[in-house]
Structures are given as structure tokens and as C-alpha cells.
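Read-outs: derived from the displayed coordinates by stated rules, not from any lab. Since the model is a prediction, treat every value here as computed from it, not as a measurement. Ideal geometry is used to build each Cβ from the backbone, glycine not excepted, and the neighbour counts take in all protein chains shown.
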Amino acid sequence: MIELVQILIEGALVGLVYGLVAISFVVIYRASKIINLAQGEVLVFGAFLLWTFTEGAAGMGYPLPLPVAIALTLAACVAFGWTIERSVFRPLIGQSGFTIFMAGVALLILLRGLAQLIWGAQSRSAPAILPEGALELGPFLVNTRLLIGAVFTIVLTQALHVFFTRSRLGLRLAAVAEDHTTAHSLGVSVRQAIAVAWIMGTVVATAAAVVLLSGSILSLEVAVIGFKALPVALLGGLESIRGAPLAGLIIGIFEALASAYLDPLTNGAASGLLPYVVMVAVLLIRPYGLFGWRKIERL
Amino acid sequence: MLTLANVDAVYGGVIQVLRSANLEVRDGQMVALLGANGAGKTTTLKAISGLLHADHGSVTVGRIVLDGQDITHADPSDIVKAGVVQVLEGRKVLEHLTVHQNLMVGAHLRRDRAAVKSDLERVCDYFPALPELLNRTAGYLSGGEMQMVLIGRAIMARPRLLILDEPSMGLAPILTQQLFDTIARIKKEEGLTVLMVEQNARAAIERCDYGYIMERGRIVLHGSRQSLEGNQDVQEFYLGMGAGDERVSYRDIKHYRRRKRWLG
């Protein structure tokens, strides 16, 4: 029993971090109706940027205080997100879904190559921003890094919900998420809103990178987390900020259970496969996810 | 206040929809723009509010001037900032937002929180059904309720010129009456100027100060309410009345219209 609860706790925490990555998909999708296939690469790029301003700068003899390094990373992420939107996706506004899909694939390969060009292919240790260790809660052990990440995900979800329903900028983004023509007619600058969404998505992905990688190995392979979070975003509903962490919880817990009980029987394949089984199931049964926007049809 | 001078509008670079359209809206007027389907009414409105680009259209010739300022190729957001707000046809509420959020999106350019709040109360006063609907999801409202939200949302932007595209579309006659009465009240109390496209020609002509009639992209007739009401063509073609004040059947009107087109 204790073992089962331990598995559930770990699954839930990891799942909430998947939820964080899923939020970065959702923020971008809402405004631009684009599923950014390269979101995992964006996350890795954010992690490498953080490495550059921490370990990288220290290695070159210019150690920066952590708050300064984080501020610089944030600024670089803003510039990075804006550049992707401006250079790849803005020129494609109004193009077909297929064109945008292919542009996403191209961006994925391009970012991978760029990261290798700038930082090299070798893996390195990611800066340890969050404390490593485990909290003892009675008989259970809770990973502090994941716990902080999970709490951050929940707080961020609530903050984004308030942002999208109360603030002027958030309402603008919500209007753009609904319908571009209507947003135009209300004087919302759709381009600006999409740019803001890309910047937000990039920053959230980098925050997820911090939680996932703090103190562990940073390499290009980490980008696969993007494809792991995509089923989470689909299950939660591509338009729903609050659906993402909930879907993350579900997938995280199922993955942990599969990894404990099915993997020994399947040579470790079950847990890796599970998110994609969920993805196919969601697309077949409920394509708008748990909380996504169903097209309202009135008769 | 607003002048369209010799405006041509083209979709997709080839399909000409407006041909040398001239139109003037004076301060405080209610102006009606009438005509058959496909006459170019909606295109005229979109040309004014800068929304043609979204439909791959553009104004190729002519000028649109608002209070001395050329807005022909201005950005839609700048046009809204200049005080021109269009209510699109077809009940374009933001479906998944609540009514309250819909109304607040209307005020997204305004920083004066206190004034926004009092405007919200005024909108609820114009449409007494709204306060109870504030927390409802807009996509599930009835057609009449949606139209209230749309007009309320436009008012939240504090426009000087309100552009309405077929506000009565799909509404029962009694609702249409109420809606037009409310629009007239809002216009008076807010000191608004209104430009309205309407299929319900009789209701529109009754309430406007000035009217324009379009056919195939041109303004073919314009005049004050009295002159339009007295005009025989308008009576025959748009109000469905024959010379002796008896109703002409729809087929006859269609026939007339076709003949008129053939004869140029």
C-alpha cells in the first residue's frame, strides 16, 4: 500500500510538470491556432540559455549572481520567442494548416541544428537552481525539486486564469483565441497578441526546463519531453489552461503505474507508450479534450 | 463626421465590389444603408472599419475620412481608438467567454476603471435582461440576447460612431422593434452617430435621418427619411408596396428587379 501511494505521489508530481510544458503549448495554440511541434526544442533552447548565463558565464571567468542570470535568461527567452513568431509563423498567417505543420517540422530540425552549432553536441550538467533532495512525509519520500515544480504549476495555472479573464491584455488574448475577425473589430491587434502568446509560451517552457533539468543532465535529447507533453495538452483541451495540469496529473499517474507494474512485463515499453495511446484515444473519442472548446452549434 | 469619396473596393485583387461609392455621415445622425443581398453594404462597412484585409480585400481607389483624418488604410485598432466601432453581422459573440468578459473585452483599450464600471451599469440599464446573464457563457445565449451583448460590448468601447451590420437578422418582429427602440435610446443618451445596414428596410427607414440605397456596388439613391419614404422606387422595391399602397407579391418584385437590371 505504501508503495502504491509512493508511486501515485511521484506520478502526480511528474504529471504536474508535464502540465507545465502543456501550458506552454496551450498559451501558443490559443492565440495562433498553431501546435508548435518544436516546443520541446524551444524548452531545450531555454535550458541552454540559462546554462550560458550561469555555468557558461562562470566558465569564461564572468560568474553572474543567480538573479542576474535568471533575468538575462528571461530577456533572452522573450527575444527568442518573439523571433520565432516574427520570422517563421507571422509570414504564414492565413496559410493552410499543412504549410504551418511543415513549418513546425522545419523549425524543429532548425532549432536542433542551431543548438548543436552554438553549444555543441556533448551533454553537460544543467545548473542546479532548485534544491535537490527528498522531503520525508511520514513513510513517503517527496522529491523537493518536483514538489516545487508542481506547486509552481498550480500557482501559475491560477495566475494565468485570472490574467485571461480579468486583465486587459489577457482579455485581448482571450478574444484572439476565440476569433481573429471579431478581435479585429474590437480594436485588438491580433499580431501583437500572437507575439505576446509566443513570448509567454517560450518563457513557460523555459520555466519547465528549470524544474525538469535542475541539477541533472542537459542534452538535446531532453527535447522529447515536448512530444510527451503534447498528449497532455490534447487531453486537457488545447484551449484550456486549467485543463493542462489536470490532464498532466492523469497521464503522470498512469505513467507511473505503468512503469511500476507493466514495464517489468513489457521490457520497459509500457510507460513510454502510454501517453501516445492516450493521445490517439483522445483524438478518436473526444478531440477537444476534457476542457477544450467544443464548437458551439446552435440549431 | 465620416465621408467616403469615390471608394472602390476589391476582393482578392480581382473582384470589384464597390464602385465609386460616395457616402456621408454627419454628427449625431442615424444613417441607414439599404440594398439587396450582394449589393456591397457589408463591404462598405468593413472598408470603414478597416476589416477588409481580413477577407483579402482592400480599398483601391478613393478616400475614407473621419473628422478630417484619412483612415482609408488605417489599422482596425487605430480606427477603434479613433471612436469607430463596428458590430459585425452574424452574432459574433466570443462564444466561450462569459457575457461579463465579452463586455469587458469591449473596454480593453480603456484604462479608466471607474468609468468602465459605470458604463457597464449603463449597458445593463439599456438592456435590463443582461444583469442576470453576466455569468453565462455567451455561446449559449439566444439570438436576441447575443445581439444585446454585441451592442453592449460596442458601447463599452465608448464609440462616437457606432456601425451596425444587420442588427435585426434572425430576430422576431417584436424583438426587432424593441432592439431598434433601444438603439434609438442609446443613440440619444450617448450622443452617438449611427451607421446601420439593415434588410428590414421599413424599420430602418422609419428611424433614420438619412438613407443610402446600394445596388451592385454603387449608391443608386440617397436622401432624407421623408424623401425616401415618398420615393416610388423605394416603395416598390424595398418596402414591397405597389402604387396603390397594396402589397406587391414577391414574384412581381423579383420580376421588376430583374427587368430593372437588364434595362440598366
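Below is a table of values for the structure above.
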item: Value of [θ]222 nm, deg cm²/dmol, for chain A, DSSP H segments ≥ 4, -39500 (n - 2.57) each, nearest 500; result: -22000 deg cm²/dmol
item: Helix-only [θ]222 nm of chain B, DSSP H runs n ≥ 4, -39500 (n - 2.57) each, per residue, nearest 500; result: -11500 deg cm²/dmol
item: Placed amide H near B:LEU221: partners under 5 Å, 5+ positions off or other chain; result: B:ILE213
item: Which of A:ILE154, A:SER123, A:LEU135, positive extreme of dipole for region A:86-195 (C-beta unit charges); result: A:SER123
item: Relative contact order (percent, whole number), chain B, Cα cutoff 8 Å, 6+ residue spacing; result: 24 percent
item: Fluctuation leader among A:ARG191, A:ARG168, A:ARG286 - chain A, Gaussian network, Cα springs under 10 angstrom; result: A:ARG168
item: Derived scalar couplings ³J(HN,Hα) [region B:28-39; Karplus, 6.51 cos²θ - 1.76 cosθ + 1.60; whole Hz; x for Gly, Pro]; result: x, 7, 10, 10, 9, 10, 10, x, 6, 4, x, 7
item: Whole-Å distance, taken between Cα centres, linking region A:197-240 and region B:24-88; result: 44 Å
item: Between helix B:143-155 and chain B: long-axis angle, C-alpha atoms, 0 to 90°, nearest 10; result: 70 degrees
item: Local electrostatic count at B:ALA74 - Lys and Arg +1, Asp and Glu -1, tallied over other residues with Cβ under 14 Å; result: -1
item: Acute angle (nearest 10 degrees) that the helix B:173-190 long axis makes with the longest principal axis of chain B, alpha-carbon atoms; result: 70 degrees
item: Farthest positive-ward along region B:91-158 dipole, Cα basis, beta-carbon charges - from B:VAL116, B:VAL99, B:SER142; result: B:VAL116
item: 37 °C / 0.692 mPa s Stokes-Einstein diffusion coefficient of the protein assembly as shown, Kirkwood radius on C-alpha pairs, µm²/s; result: 123 µm²/s
item: Global form of region A:97-175, assessed from the alpha-carbon gyration tensor, a/c cut-off 1.5; result: oblate
item: Whether chain A is rounded, prolate or oblate, judged on the alpha carbon gyration tensor where a/c under 1.5 counts as rounded; result: oblate
item: Prolate/oblate/rounded label for region A:1-132 (Cα gyration tensor, a/c 1.5); result: oblate
item: For B:PRO173, net neighbour charge (Lys/Arg +1, Asp/Glu -1) across residues whose Cβ lies under 14 Å away; result: -2
item: Mean Cα-pair separation over length for region B:77-144, i.e. relative contact order, pairs under 8 Å, 6 or more apart, %; result: 49 percent
item: Violating pairs (Cα-Cα greater than 20 angstrom) within the set B:LYS46/B:LYS188; B:LYS92/B:LYS188; A:LYS33/A:LYS295; result: B:LYS46/B:LYS188; B:LYS92/B:LYS188
item: Amide H partners (placed H, <5 Å) of A:ALA134, local residues excluded; result: A:THR144
